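The values are calculated or read from the model by the stated rules, or taken from the named source; none is laboratory data. Small disclaimer: the values here were computed from a predicted structure and weren't measured. Note that we place each Cβ from the backbone using ideal geometry, even for glycine, and neighbour counts take in every protein chain shown.
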Amino acid sequence: MKRIFPDAGDYKTVNKPISPAERKEIEKELGKELLPGQQDIFTYYEMTDKKGSVIGYIFAPAQKGEFGVIEFVFGLNKEMKLIDLYVQRSRERENKFKDADFLKIFKGKNAKDYSAISKLSATHTTFGEKAIIEGVVKELLLVNKIGPLP
């Protein structure tokens, strides 16, 4: 979390329930079911400065890769723009999805850009790239449907 928000003083874990109706709407828009463990609760982290004011949000999705789970972390600032993304853990053999050139395509994207981001799958075709794209899209869709939009 400090890697994305180096000036953060603290954070708060936020767990928002996903109702069956919200889940149905989200899965319809995604075109696939949410993964087990992601179907009933949307978890994110509210980052605060040393005075306790919110400075942004952290998301830590996990997506299926070709050889196991890919865990990554990204942050949105108060303006809901993606400020950084990094891969935390993966067992993938190919590593194109960890390249700075790939990861930087997400920077500056607004939380409402999830539909446009999903179209990146057409040109980024490895399992890892698709997993990162799907994970970002899923989290941003959840942000728009459930919170923490200001």
Study note, to complete from the structure: Conditions (1) crowded, with 20+ Cβ neighbours inside 10 Å; (2) of a type in the set (A, V, I, L, M); (3) at pLDDT below 95 -> Leu85 fails only (3)
Check your understanding: within 14 Å of Gly128 (Cα to Cα), touching a residue at least 40 places away in the same chain (Cβ under 8 Å) and buried (at least 17 other Cβ atoms within 10 Å of the Cβ): does that describe Ile70?
Key -> yes
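When you scan region 1-24, how many residues do you find that are among the acidic types (Asp, Glu) and surrounded by fewer than 14 Cβ atoms within 10 Å (Cβ to Cβ)?
2
Rundown of residues vs (1) modelled with pLDDT of 95 or more; (2) over 19 Å from Lys107 (Cα atoms), yes/no style:
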{"position": "Asp7", "(1), (2)": "no, no"}
{"position": "Tyr11", "(1), (2)": "yes, yes"}
{"position": "Gly31", "(1), (2)": "no, yes"}
{"position": "Leu35", "(1), (2)": "no, yes"}
{"position": "Gln39", "(1), (2)": "no, yes"}
{"position": "Met47", "(1), (2)": "yes, no"}
{"position": "Val54", "(1), (2)": "yes, yes"}
{"position": "Ile58", "(1), (2)": "yes, no"}
Exercise for review: Search region 1-21 for residues that are in contact (Cβ under 8 Å) with a residue 40 or more places away in the chain and pair each with any residue that is of a type in the set (Lys, Arg) when their beta-carbon atoms are under 6 Å apart and the residues are at least 6 apart or on different chains.
Suggested key: Gly9/Lys50
Practice item. List the number of the failed condition for Gly37; all other conditions in (1) more than 16 Å from the chain's Cα centre (by Cα); (2) loosely packed, with under 15 Cβ neighbours inside 10 Å; (3) free of Cβ contacts under 8 Å to residues at least 40 places away in the same chain hold. Key: (1)
Exercise for review: Would you check which residues across region 46-81 are over 17 Å from Thr13 (Cβ atoms) and hydroxyl-bearing (Ser, Thr, Tyr) and list them?
Suggested key: Ser53
Practice item. Examine region 44-67 for a residue that is of a type in the set (S, T, N, Q), without any contact (Cβ under 8 Å) to a residue 40 or more places away in the chain and surrounded by 15 or more Cβ atoms within 10 Å (Cβ to Cβ), and state whether such a residue exists. Key: no
Exercise for review: Can you tell me which residue among Gln63, Gln88 is within 11 Å of the chain's Cα centre (by Cα) and either aliphatic (A, V, I, L, M) or within 26 Å of Lys2 (Cα to Cα) (or both)?
Suggested key: Gln63
Review point. Among the candidates Lys98, Lys81, Lys130, Lys119, which residue alone is without any contact (Cβ under 8 Å) to a residue 12 or more places away in the chain and under 18 Å from Pro61 (Cα atoms)?
Key: Lys130
Exercise for review: Evaluate the following for Lys112: is it touching a Pro at 6+ places or on another chain (Cβ under 8 Å) and surrounded by fewer than 16 Cβ atoms within 10 Å (Cβ to Cβ)?
Suggested key: no
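Which of the residues belonging to region 112-136 are of a type in the set (Asp, Glu) and over 18 Å from Leu76 (Cα atoms)?
Glu129 - this is the single residue of region 112-136 that is of a type in the set (Asp, Glu) and over 18 Å from Leu76 (Cα atoms).
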